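Please read the structure below before turning to the comments.
Here, each number is a calculation from the coordinates, and none is a lab measurement. Quick caveat, the model's predicted, so the values are computed rather than measured. Positions of Cβ are generated from backbone atoms using ideal geometry, with glycine treated the same way; all protein chains shown enter the neighbour counts.
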Amino acid sequence: MARIALVTPDHFKRADEKLCLEARGHTVVTNADVARSLEGILADPPDLLIIQKGLHRHMDQEVILALKNNLQLALLPILLMVSERDLAVGLDWSCYPVDDLISEHATIEEIITRIDLALARTRRVADNNPLTKLPGNSSILKTIQNMLEQAEPRAVAYVDIDNFKPYNDRYGFSRGDEVIRMVSRILVNVIQEHAGAGGFIGHIGGDDFVFMVPLEKAETVCQEVLTNFNALIPLFLDEKDLEAGCFVSTDRQGNVRSFPLTSLSIAVVPCHPGHYSHYGEVASTAASLKKKVKALEGSNFLVDRRKPDID
Amino acid sequence: MKREEIRQRLKDVQSLPTLPPIVSKLNQMVSDEDVTAVKLGRIIEKDQVLTSKLLKMVNSSFFGFPQRISTVSNAIVLLGFNVIKTLIVTSSIFEVMQASDIGLFEHSLGCATAAGLVAKKLGIKNPEEVSTAGLIHDLGKIVLRAEMPEEYDQVAETARQAKQYMREVEKEILGIGHGEIGGILARQWNLPERLVFPIEYHHRPEASPDFAEVSAIIHFSDILIRALGFGFGGDPWVPPLDHQAWARIKLGKSQMRQLLEELDEKLMELQDFTLDIQKDGKDSS
């Protein structure tokens, strides 16, 4: 069923709870050393986390915030285990952006029910791409449509990998997946750093991504994404192709063809308030711009320079 | 028998402790609003334990770049600030820091610096990767120190009394040397082979199944940095240089002179850094 991580050094010491969860088909991950189990959560995230409030050195808060701020893990359900005293004093939910809480005296039946509910809720809202864990098309549509109705100028940018098909043909799908994951990590980290909560990234599918940032950040973000991509892509190519500077392959007719090495293209559509009313219009501006940027050699970005005609 | 037992115990090693002053310095940095992942990286890449943790994470199945990432700067681009911050706040420290811990820290840092300079002299494409191999070449010693402290003390004591090299005593007592221990762990953590082999073969570089040039550079840098007396590599003597490995590198006299001058300058800078770290350590204790 699900992998459940327990970081509850003062509770769940009896084997009963663990046994009950395992009897329900869950896998329980636990480690007596709190620092080590938290590190494990990042290296190999579970499907659900139960964490005790008030860990040493505020590690509980640090980890919850880090997970919830991680664009790829924001949907991971976190249940906070609290004492009666916490409930009496009250909790500052901005420091604890968790999904639910469990009282330390809760019965095993209640704990199991809360776990099932949290997992069910996640399944209901998630349209995330299984490979990158990024939001998929219905979330993209919703988020961008929502943004068009706001007052701040934003940029919507479409990212895709050039010559991805020849890459896949040459190295196989699993290495192709690595490149897609690499691009998603770069986007997540650069956008997180420059735009924080004001940014959004979605995975349209395959090698196509879309992101949104405040308009004034767009060029810096694009620049840095391309710099990082260019620094990393050689690690995903074989020495031989790097030296040749292109992929050489034979097509179905037996003709030898060469393709340029994998690069990245970004088409940026500035969205001033009132210019676009529907997501579809943004997408069609992007489509024609994308053709232009993809025609350029290597990794590039282009910003749509047509003046918005605001009446 | 002992050897198999150690292999089994290595399977459970998920993370290693590091020096308290480094961790407290990084913890101070993460609470500063202007700090960036790149700034944290500049400290992380000076510590062999944190560097190997970072590489373990980025090469893990969740991040999905198995055996592909071999440098701190590339790992940082892929992991991002939040992950690095969490790695720092959850990192464990040696409860009691010994003088030899600082010595090994300095030795590793010196070896990384020397290896990076040699790689540049030889025109190797990615000198940062060679430098990383130099930094973490003694990972096996940290494993012994942290996970098998009794065995570690026994080895150190026997080596001192019998006036033998540590790695020889390790083989006699444990049936396995620190090079191999480090190699097993690095492989278990999915690090790229271009790092695994130099760790495993830094005392016998010509046995390295691949990346023999990098293994030779690490072997040479390890010896050079001991000869210069920077840090403490675990033995009071400088081990002999492998002739075949040297033939593989073969720096000319003028290249060698240049290398020593550059290294001298870099080691002075490092000395400032390691003194700072030790001072911070005393302040916070």
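Observations on the structure shown:
- Against the compact-protein benchmark of 2.2 N^0.38 Å, the Cα-based radius of gyration of segment A:21-84 scales to 1.12.
- Beta bridges per DSSP with both ends in the protein assembly as shown, % antiparallel, nearest 5: 55
- Value in Å of the Kirkwood radius, where segment A:146-189 supplies the Cα pairs that are averaged: 12.7
- For segment B:104-223: relative contact order, % (alpha-carbon pairs under 8 angstrom, 6 or more apart): 26
- Calculated [θ] (222 nm, deg cm²/dmol) that DSSP helices of n ≥ 4 give over chain A, each run adding -39,500 (n - 2.57): -13500 deg cm²/dmol
- Separation of alpha-carbon centers, segment A:134-186 and segment B:101-131, rounded to whole Å: 37
- Look at the dipole of chain A built from charges on Cβ: of A:Ala88, A:Ala157, A:Ser284, the Cα furthest out on the positive end belongs to A:Ser284.
- Inter-chain shielding of B:56-64 (mean C-beta neighbours from other protein chains, 10 Å cut-off): 5
- Restraint check, B:Lys163/B:Lys253; B:Lys25/B:Lys279; B:Lys25/B:Lys46, Cα-Cα greater than 22 Å: B:Lys163/B:Lys253
- Taking the Cα centre of segment B:17-89 as reference, the dipole from Cβ charges on Lys and Arg (+1) and Asp and Glu (-1) amounts to some 220 debye.
- DSSP finds beta bridges in chain A, and of those with both partners inside it, around 55 percent are antiparallel.
- Mean partner shielding of peptide B:14-25, defined as the number of other chain Cβ atoms within 10 Å of each residue Cβ, is 1.
- The alpha carbons of segment B:65-213 give a radius of gyration and a Dmax of 16.3, 49 Å, in that order.
- In angstrom, the C-alpha Rg and Dmax of chain B are 17.9, 53.
- Radius ratio Rg over Rh of segment B:76-153, counting only Cα atoms, Kirkwood formula for Rh: 1.06
- Top positive-direction residue, dipole computed over the protein assembly as shown with Cβ charges, set A:His11, B:Val30, B:Phe81: B:Phe81
- Distance between segment A:201-215 and segment B:197-221 - C-alpha centres, whole angstrom: 43
- Rounded to the nearest Hz, the phi-derived 3J(HN,Hα) couplings of segment B:70-86 under the Karplus curve 6.51 cos²θ - 1.76 cosθ + 1.60 (θ = phi - 60°) are 10, 10, 4, 5, 5, 4, 5, 4, 7, 7, x, 4, 4, 5, 5, 4, 5, where x marks glycine and proline.
- At q = 0.06, 0.08, 0.12 Å⁻¹, base-10 log of I(q)/I(0) for the protein assembly as shown (Debye sum, equal scatterers on each alpha carbon): -0.37, -0.65, -1.30
- Prolate/oblate/rounded label for segment B:143-184 (Cα gyration tensor, a/c 1.5): oblate
- Packing around the peptides A:284-293, B:76-85, taken as the average count of other Cβ atoms within 10 Å per residue, puts them in this order, highest first: B:76-85, A:284-293.
- Among the residues of B:82-95, the average count of other protein chain beta-carbon atoms within 10 Å of the residue beta-carbon is 6.
- Enclosing the Cα atoms of segment B:17-89 in their convex hull gives a volume equal to 79 cubic angstrom per residue.
- When the P(r) is computed for segment B:154-266, the part past 21 Å accounts for 44% of the Cα-Cα pairs.
- Calculated P(r) of segment A:143-279 - Cα pairs past 27 Å, %: 30
- Largest-first principal axis extents of the Cα set of chain A (Å): 68, 55, 32
- Site-free segments of chain A were taken between GluC sites (Glu not before Pro) in DSSP loops having at most 10 other Cβ atoms within 10 Å, sites themselves excluded; the longest one is A:1-148.
- Whether segment A:3-125 is rounded, prolate or oblate, judged on the alpha carbon gyration tensor where a/c under 1.5 counts as rounded: rounded
- Length-normalised contact order of chain A in % [C-alpha pairs under 8 Å, at least 6 apart]: 15
- Computed over segment B:202-268, the quotient of the alpha carbon radius of gyration and 2.2 N^0.38 Å is 1.14.
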